[in-house]
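These notes are about the structure you will find just below.
The values are calculated or read from the model by the stated rules, or taken from the named source; none is laboratory data. Note that the coordinates shown come from a computational prediction; the quantities given were computed from them, not determined experimentally. FYI the Cβ positions are ideal-geometry reconstructions off the backbone, even for glycines, and counts take in every protein chain you see.
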Amino acid sequence: MIPLIGMFIGAVFGALRAKARGGKGKDMLQWGAVFAIIFGVIGMFILIFLQRSLT
């Protein structure tokens, strides 16, 4: 669940960042995808850390 939340937050953050820099629709999609992947990977590491520390 944490990686999915991270991906959603990353997509929104990336799209807003592209829009703030004057990007068009495709720029917003690309930045959103990149940030979704980055935040999803970070969320996956957090999930793995939490699972290993609680067991």
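State yes or no: is residue 13 in a helix (DSSP H, G or I) and under 8 Å from the mean Cα position of the chain (by Cα)? Can you show your working first?
Details: in a helix (DSSP H, G or I): yes; under 8 Å from the mean Cα position of the chain (by Cα): yes.
In short, yes.
Out of the stretch 25-52, which residues are more than 8 Å from the chain's Cα centre (by Cα) and crowded, with 19+ Cβ neighbours inside 10 Å?
Of everything in the stretch 25-52, those that are more than 8 Å from the chain's Cα centre (by Cα) and crowded, with 19+ Cβ neighbours inside 10 Å turn out to be 31, 43.
Output the residues belonging to the stretch 1-24 that are surrounded by fewer than 15 Cβ atoms within 10 Å (Cβ to Cβ) and modelled with pLDDT under 95.
1, the sole residue that qualifies.
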